[in-house]
Amino acid sequence: MKLSVIQYDITWEQIELNLNYLEALLKPLSGSTDLIILPEMFTTGFTMNVSCCAEEPFGQTYKWMKKMASDGNYGVCGSYIVKDNGKFYNRWSFVSSDRYINYDKRHLFSMGKEDTFFTHGNDRVVFEYKGFKILPSVCYDLRFPVWLRNTGDYDILINSANWPESRSNIWNALLKARAIENQCFVAASNRIGNDENKIVYQGESMIINPHGEIIASGLNHNESVISAEISKEQIISYRKKYPFLKDADSFTIS
């Protein structure tokens, strides 16, 4: 399967502008990739202004994702702000021509007051696409390895992020650690540019193999579209040769 990870400078709280910009950016990928991975809150930036930017579950962004997936013959995923049954969610969505998968961010960034405005998700979601089992996560989730622990139930960990440059060393360390400890591919999309809170984002989007090796990476502070072919056979053979997962501790998540 071919993964394509996008990093770009999100225009603050301008949904239609961001969608139009992305549509042009993704046009060359039509028919040439299997899965496009976008950053966290890819239509607005990491804003707490839910009154401005929340959409209905099947609103503008969903319709755009559906059209892009159908026209481009790929799956597309990333998170955006959704109002559902009176509550606001930082909702990661995967959309293809015939499927729709949701994951609501579990770990809300309390230091940024995300937990004040949003409701956290309770469900760990794994789904299958083109023969690969995928576990979605959003930004801050990356710090919580129990939530992301692979019990042999997934092959790819996806992380959509707005991760600041001031903690880029942690971003790099955690992404590699999650790949190594879970013997999986990791595909992470992070934005670039500055937001309205003067936070700087470096990008450093990447695709990592189960050995913890970076096989594709975006240029720091530059718009990038990075792609890599990944193999299910590589995961199977690596786990067979080094069956570390069978020795992992058991956890119960409450």
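The values are calculated or read from the model by the stated rules, or taken from the named source; none is laboratory data. Since this is a predicted model, take the numbers as computed values, not measurements. Positions of Cβ are generated from backbone atoms using ideal geometry, with glycine treated the same way; all protein chains shown enter the neighbour counts.
Examine the stretch 186-209 for a residue that is out of contact with any strand residue (DSSP E or B) (no Cβ under 8 Å at 6 or more places or on another chain) and farther than 26 Å from residue 48 by Cα, and state whether such a residue exists.
no
Need the failing condition index for residue 17 against (1) closer than 30 Å to residue 111 by Cβ; (2) within 14 Å of the chain's Cα centre (by Cα), just the number.
(2)
Confirm whether residue 96 is more than 13 Å from the chain's Cα centre (by Cα) and under 25 Å from residue 18 (Cα atoms).
Considered against the rule, which asks whether it is more than 13 Å from the chain's Cα centre (by Cα) and under 25 Å from residue 18 (Cα atoms), residue 96 comes out as yes.
Collect the residues in the stretch 29-58 that are surrounded by fewer than 16 Cβ atoms within 10 Å (Cβ to Cβ), out of contact with any strand residue (DSSP E or B) (no Cβ under 6 Å at 6 or more places or on another chain) and touching a residue at least 12 places away in the same chain (Cβ under 8 Å), keeping them in residue-number order.
30, 31, 32, 49, 52, 56
Being at negative phi, touching a Phe, Trp or Tyr at 6+ places or on another chain (Cβ under 9 Å), of a type in the set (Val, Ile, Thr) and part of a strand (DSSP E or B) narrows it down to one residue among 253, 207; which is it?
Being at negative phi, touching a Phe, Trp or Tyr at 6+ places or on another chain (Cβ under 9 Å), of a type in the set (Val, Ile, Thr) and part of a strand (DSSP E or B) holds for just one of 253, 207, which is 207.
On the basis of being surrounded by fewer than 18 Cβ atoms within 10 Å (Cβ to Cβ) and either in a strand (DSSP E or B) or aliphatic (A, V, I, L, M) (or both), does residue 68 make the cut?
Taking the combined requirement at face value, the residue does not satisfy it.
Results for (1) farther than 21 Å from residue 249 by Cβ; (2) surrounded by fewer than 20 Cβ atoms within 10 Å (Cβ to Cβ), shown as yes or no for each residue.
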position: 158; (1), (2): yes, no
position: 167; (1), (2): yes, yes
position: 177; (1), (2): no, yes
position: 187; (1), (2): yes, no
position: 206; (1), (2): yes, no
position: 218; (1), (2): yes, no
position: 222; (1), (2): yes, yes
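Would you check if residue 34 is modelled with pLDDT of 95 or more, more than 22 Å from residue 105 (Cβ to Cβ) and over 17 Å from the mean Cα position of the chain (by Cα)?
So residue 34 fails the test.
State yes or no: is residue 147 buried (at least 22 other Cβ atoms within 10 Å of the Cβ) and farther than 21 Å from residue 65 by Cβ?
So residue 147 fails the test.
Could you check the stretch 210-224 and list, in sequence order, the residues that are of a type outside the set (Val, Ile, Thr) and assigned to a strand (DSSP E or B)?
216, 217, 224
Would you check if there is a residue in the stretch 107-119 being assigned to a loop (DSSP other than H, G, I, E, B), among the aromatic types (Phe, Trp, Tyr), touching a Cys at 6+ places or on another chain (Cβ under 9 Å) and at negative phi?
Yes, that holds for at least one residue.
So in the stretch 166-204, with the set limited to residues that are in a helix (DSSP H, G or I) and of a type in the set (Ser, Thr, Tyr), which one is farthest from residue 37 (Cα to Cα)?
Going through the qualifying residues, I end up with 166.
Of all residues in the stretch 189-204, which are β-branched (Val, Ile, Thr) and buried (at least 20 other Cβ atoms within 10 Å of the Cβ)?
192
So residue 219 ticks every box in (1) modelled with pLDDT of 95 or more; (2) over 19 Å from residue 32 (Cα atoms); (3) not aromatic (Phe, Trp, Tyr) but one. Which box is left unticked?
Among (1) modelled with pLDDT of 95 or more; (2) over 19 Å from residue 32 (Cα atoms); (3) not aromatic (Phe, Trp, Tyr), residue 219 violates only (1).
Since residue 106 meets every condition but one in (1) in contact with a Ser or Thr (Cβ under 7 Å, 6 or more places away or on another chain); (2) without any contact (Cβ under 8 Å) to a residue 60 or more places away in the chain; (3) not polar (S, T, N, Q), which condition does it not meet?
(1)
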